[in-house]
Amino acid sequence: MTETTKRTTKVWAHRGASGYRPENTLEAFELAIRQGADGIELDVHTSADGELIVMHDENVDRVTDGTGLIKDMTLAQLKELKVSTPAEPSGIYHIPTLAEVLELMRTTDMMINIELKNSICFYPGMEEKILKLVKEMNMEDQLIYSSFNHYSLLQLKQLNDHVQTGILFSDGWVNPAMYAKNLGINAVHPAVYHLKYPQFIEEVKRAGLKMHVWTANKPEHIQLVKDAGAEAVITNYPDRAIEIIEK
Ligand code: G3P
Ligand code: MG
């Protein structure tokens, strides 16, 4: 994987700098770059015509002026929608494709955490498509893949043994690190509250896995991630996290 800054805990922007710009938009990723983040996290789905779409939810209802499932809409239909936030209802933002985000990120040496959102809608063939695109763009060293769908992570590994993967998991799992290690997965991606259990941190260290923690936005949570010696903090506020990590 590429190294950016000397920070021992890297700062990855969750859905971009989504505390300041609408989540998963090019503008949120551009701001993460400007704020000096070490990486970004983004969510991916597949449209009706097979395009890789960067958005969090399975449907467009929460963050755009449209309604419906991504899997039922074409790229052209998705591109017509306006992304807006309560703070910026004018909707000057649009849904990006994965190719567009990668095009922006290839100008940097930042890490890119692609979260495959394929636990509710399954998007057959999405793994192959993502790997093909990343390879074509010559960005394989910048990528780590995560998902709540662990079969999908195994499929990525089967397609390319060199890919970096991280498991996402639900609340209250005991020793997910051992589980991940047994599957040949490289990292655990816990929600920040898992760090309240010293046993959990010990299990991750014992397994020799990397730990990338989400979503730490409050200063005390960012501090907790730093104190746990995690490799990355995933946050909506990269500037805030950088200040605390570098203190
Ligand atoms: O990848 C970390 C985090 O983004 C997982 O949850 O719902 O924010 O995609 P969510
Ligand atoms: Mg995510």
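Taken together, the values in this text are just the output of simple stated rules run on the coordinates, not laboratory data. These figures come from a predicted structure and were not determined experimentally. When we count neighbours, we look across all protein chains shown, and the Cβ atoms used for this are built from the backbone with ideal geometry, even at glycine.
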- Note on the structure: Ordered by number, the GluC sites (Glu not before Pro) in region 113-143 that occupy a DSSP loop and have at most 11 other Cβ atoms within 10 Å are none
- Query: Considering the Cα trace of region 12-146, what is its radius of gyration and what is Dmax, both in angstroms?
  - Reply: 13.9, 38
- Euclidean distance between Cα centres, region 197-238 to region 88-124, Å: 23
- Note on the structure: Long-range amide H partners of Glu41, meaning residues 5 or more apart or on another chain whose placed amide H is closer than 5 Å, are Ala13, His14, Arg15, Gly16, Asn113
- Relative pair counts by distance (%), Cα atoms of the chain, 10 Å bins: 8, 33, 38, 19, 3
- Each label sits 7 Å from Cα toward the beta-carbon; between Glu246 and Cys121 the label points are separated, in nm, by 4.0
- Message: Can you tell me the convex hull volume per residue for region 168-247, based on C-alpha atoms, in Å³ to the nearest whole number?
- Response: 82
- From the backbone phi of region 93-110, what are the Karplus-calculated ³J(HN,Hα) couplings (6.51 cos²θ - 1.76 cosθ + 1.60, θ = phi - 60°) in whole Hz, Gly and Pro given as x? 10, 10, 6, x, 8, 4, 4, 5, 5, 5, 4, 5, 6, 5, 7, 10, 10, 6
- For region 64-154: relative contact order, % (alpha-carbon pairs under 8 angstrom, 6 or more apart): 25
- The set of residues whose placed amide H lies less than 5 Å from the amide H of Lys10, leaving out same-chain residues fewer than 5 positions away, is Ala232, Val233
- Which loop chymotrypsin sites (Phe, Trp or Tyr not before Pro) in region 142-182, with loop taken from DSSP, have no more than 15 other Cβ atoms within 10 angstrom of their Cβ? Trp173
- Task: Let me know the Kirkwood hydrodynamic radius for region 106-231, please, with Cα pairs as the basis and the value in Å to one decimal.
- Result: 15.3
- Item | Percentage relative contact order, the chain, counting C-alpha pairs under 8 Å, at least six apart | 21
- Out of all DSSP beta bridges with both ends in the chain, state the antiparallel percent to the nearest 5. 20
- Message: Over the Cα atoms of region 14-76, each weighted equally, I'd like the Debye log10 I(q)/I(0) at q = 0.17 Å⁻¹, rounded to two decimals.
- Response: -0.59
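Normalized C-alpha radius of gyration of region 86-159, against 2.2 N^0.38 Å? Spell out each step's value before the answer.
Numbers: Rg = 14.2 Å, N = 74, 2.2 N^0.38 = 11.3 Å.
Taking the Cα Rg and dividing by 2.2 N^0.38 Å, one obtains 1.26.
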